[in-house]
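Below is one structure; the comments refer to it alone.
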Number of protein chains: 2
Amino acid sequence: MNTEIVTIEEAAKFLKENDNYLILSHANPDGDTLGCAFSLCGALQRMGKRAKNICADPISSRFSFMKEAVKEQDFEPSVIVTVDVADKKLLGDFESVYGDKVALAVDHHVSHVNFAGKLLLEPDAAACCQTVYKLIKALGVEMDEKLAACIYTGIATDSGCFKYASVSPETHIITAELLKYDFGFDRINYLFFDMKTKERVALEERIFRSLEYYCDGKCAIVVLPKEALDSVDTEDGNGIASIPRQIDGVEVGVVIKEKKDGWKASIRTNSFADAQKICKQFGGGGHEKAAGCSFKNMTPEEIKEKLIPVIERELNK
Amino acid sequence: MNTEIVTIEEAAKFLKENDNYLILSHANPDGDTLGCAFSLCGALQRMGKRAKNICADPISSRFSFMKEAVKEQDFEPSVIVTVDVADKKLLGDFESVYGDKVALAVDHHVSHVNFAGKLLLEPDAAACCQTVYKLIKALGVEMDEKLAACIYTGIATDSGCFKYASVSPETHIITAELLKYDFGFDRINYLFFDMKTKERVALEERIFRSLEYYCDGKCAIVVLPKEALDSVDTEDGNGIASIPRQIDGVEVGVVIKEKKDGWKASIRTNSFADAQKICKQFGGGGHEKAAGCSFKNMTPEEIKEKLIPVIERELNK
C-alpha cells in the first residue's frame, strides 16, 4: 500500500475539501476509537459536511451518551476515514467491505500497518482522541460539551485515567482545555473506573477466593473454571489476567482459565521475571511481561505442579 | 484568632523574608499533606533557608521516596508553617505544642478553621499541592524531579488520579508542567492506585463474600466482624465504606463493622437516597451521601432487620 504520511494540517485540509464521510471504529470498540469517531463525525457535521460513523461490533450502552454529539444523517458516503485502527484486520466484518477503500487513517499505534491512502499517525499520543482533538481544532470547529465528553472519554479510558506512562504533558494540556466545558467528567470517570457490575463483583470474589501464593509470596495463582466466566461479558472480564500481579510482593501472576478444549494460563510479570521464557517451556509465547500457554488433558492441580517449578527457577535466576 | 488572609505572592514574600522553618503535616498523613510538606521544605532549602518537616503520626513506607526531596538539617526552628491542615486539632499530638504558634497555614479545605497568623487558602484546589506548586514558583525556586514527585503524588492521591469533580483545568495545567520532569509518575500511580497488599486482597475477598443484595438489588450490605479488620492497617482499610455503593444499580451501600462495644453501620448513597435521614432514625448522623449510626447489644442479623425497612422506605420515597 502506498500510504502518504500527513500532518494534522494536511489531514484537516483534506477533510475540508471533501464531503460525505463514513468514519470507522475498530471492532470490539473501546472508549478511544468511539470517542474519536463520534467527536470527528460531530465536528464534520458542525462544519456543514455530511458524516456518519459505524462499527462492525455492537457498542456497549456505557457509551450511549456519545450519540448526543452527532445527528443521524441519511446519505451515500464516499470518503472513508478510520480512527484508532492499527490494521485493516481490526475493522472486523467491515474489513472486506472497506479495508482497501480507506482515504484517511488517524491513529496512534506505533504498530500501525499501512492500509489507507493518507495516514495521520501520532505514536506518542496517549490516546488517538488526543490527535483527533488537534484535528478538530485545525478544522476550525468550536469545541462544545458533547464533543468534549467524547474526546475526554477516549483520553481517560486509554490512559487508565492518566495513570500510564503513555501520558505526556500534552495529554494534560488538552484535558485542561476540555475541562472548560461542563460535561460531567467525574460521572464519566465513575462509570468507567469506579463502578462495578454485580457480575464483576462476583467474579472478583471468585478470583480472590481461588488465589494461592507460592514461592514465598512472589507468585500468585488463580484458577477459573468455565462457569465462573460464562456469566460475565467481555467488559467485565477485562484486566483479569493482571489482578494477581497487582498484589504487593508478587512478581509473577498467573490466571489459569478453563477453555473449551483445556486450560489456558495467562502469565504477567512485574519487574524482572520473563513471562515469555516461562510460557515457552510449555509451547506458549508472548512478551516479557505478558505471555500465555495452553494445557490439554490436565487438571488445574497438574498444571500448577508443572508451572510452579519453572516459575521458581525464573524467580531465582 | 485574628488570621490575615494572604495571596500566593504575600505568602511567598513572608517565606522569603524569614528563615528556620518547621513545616507540619496533619496527623494520619496522606499523600497531599506529605507532598506539600516535603516539596515546600525542599524548596526552602534550595533557597538557602533552613527547614524541616514533621508529622505527629508515622509516615507509611509508601511515601519514603519523598524524603529524597529534602536534606536533614539540625537547627532550632522559629517559624511554624502548616500544610493541608484544616483545623489545629488535626495536628494530633502536636496540637498542644504548636497549635497556637503557627505563622502561616497553607490549605485547600473549604471547612478551614482559622488558627494561624496568616492563611493562604485555595478552596477550589483539588489538592493543597496545587497551591504549594504555585507558592514554590512564586518563591522563584526551579522545579526538579524530586520536588515534582512530591507535588504530583499529592495531586494524584487527593484527586483519585484526576477522577473527581474537584479537578479543574488548573489541576491538569500544573500536572502538565510537572510531567516535564522525569520522576516516574506511572510508578507512583501504580503504587497508589493499582497495587494491593495481600491483606487488602484478603479483606476485599471477605467483603465480596459477605455481600448481600436487598430491595431489588438497590441496597447492598456487607458485615465485617472485628477479626476481619484487625489484620489490616489504616491504609488497607481505606475506602471500604464506598465499596457496596460502587456496584452498578446499588443506590444505598451499607458496611456494618464490629467495634469494641457493638456495631457501626456506614451508609453511602449514590444519587437520590439520603444517608443522613436513614441514620438519624438510629441516632446517627452525617451528610446526604455519607452517614453512620451505631448499634449496641444487637447481632448483625438484628441490625439488618432494623435497617432494611428504613432503607426500603427511603428508596421508595
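The values are calculated or read from the model by the stated rules, or taken from the named source; none is laboratory data. Computed from a predicted model, the values in this text were never measured in an experiment. No Cβ is skipped: glycine too gets one built from the backbone with ideal geometry, and neighbour counts run over all protein chains shown. Keep in mind that these areas ignore ligands, DNA and RNA; they rest on the heavy atoms of the full protein, side chains included. Shrake-Rupley method; radii C 1.70, N 1.55, O 1.52, S 1.80 Å.
I'm trying to understand the selection: among the residues of region B:290-304, which are open to solvent by 70 Å² or more (accessible area, probe 1.4 Å) and under 26 Å from B:G249 (Cβ atoms)? The answer is B:E301, and nothing else.
When B:K260 is evaluated against the numbered criteria (1) in contact with a strand residue (DSSP E or B) (Cβ under 9 Å, 6 or more places away or on another chain); (2) at pLDDT below 95; (3) not acidic (D, E), which criterion, by number, is the only one it fails? Result: B:K260 fails condition (1) only.
Kindly indicate whether any position in region A:51-58 is closer than 23 Å to A:D158 by Cβ and assigned to a helix (DSSP H, G or I). No, that holds for no residue.
Residues in region A:144-170 that are of a type outside the set (G, A, S), within 8 Å of chain B (Cβ to nearest Cβ) and under 16 Å from A:H109 (Cα atoms): A:Y164, A:V167. If you go through region A:207-263 and keep only what is out of contact with any helix residue (DSSP H, G or I) (no Cβ under 9 Å at 6 or more places or on another chain), away from chain B (no Cβ under 11 Å) and crowded, with 18+ Cβ neighbours inside 10 Å, you end up with just A:A241. For the residues A:C161, A:C219, the requirement of being within 30 Å of A:F272 (Cα to Cα) and within 19 Å of the chain's Cα centre (by Cα) singles out A:C161. With respect to B:I267, determine if the residue is modelled with pLDDT of 95 or more and either open to solvent by less than 20 Å² (accessible area, probe 1.4 Å) or at positive phi (or both). Criteria met by B:I267. Across region B:127-167, which residue is farthest from B:D194 (Cα to Cα) among those that are open to solvent by 10 Å² or more (accessible area, probe 1.4 Å), of a type in the set (S, T, Y) and part of a helix (DSSP H, G or I)? Within region B:127-167, the match that is farthest from B:D194 (Cα to Cα) is B:Y133. Selection of region A:175-198 for residues being touching a helix residue (DSSP H, G or I) at 6+ places or on another chain (Cβ under 7 Å), modelled with pLDDT of 95 or more and open to solvent by 40 Å² or more (accessible area, probe 1.4 Å) yields A:K180, A:Y181, A:D182.
Annotation: B:E204 fulfils all but one of (1) at the interface with chain A (Cβ under 9 Å from one of its Cβ atoms); (2) surrounded by fewer than 20 Cβ atoms within 10 Å (Cβ to Cβ); (3) in contact with a strand residue (DSSP E or B) (Cβ under 8 Å, 6 or more places away or on another chain); (4) at pLDDT 95 or above; the unmet one is (4). Of all residues in region B:176-231, those satisfying the criterion of being among the aromatic types (F, W, Y) and in contact with a Phe, Trp or Tyr (Cβ under 8 Å, 6 or more places away or on another chain) are B:F183, B:F185, B:F208.
Residue count for region B:188-220 under the criterion of being closer than 27 Å to B:D158 by Cα and not in a helix (DSSP H, G or I): the result is 4. Taking first residues from region A:12-25 that are more than 19 Å from A:F115 (Cα to Cα) and partners that are of a type in the set (S, T, Y), the Cβ contacts under 9 Å between residues at least 6 apart in sequence or on separate chains come to A:N18/A:S78; A:D19/A:S78; A:N20/A:S78.
The number of residues in region A:171-194 that are aromatic (F, W, Y) and either more than 8 Å from chain B (Cβ to nearest Cβ) or over 20 Å from the mean Cα position of the chain (by Cα) (or both) comes to 3. In region B:95-103 there is no residue that is buried (at least 21 other Cβ atoms within 10 Å of the Cβ) and within 13 Å of another protein chain (Cβ to nearest Cβ).
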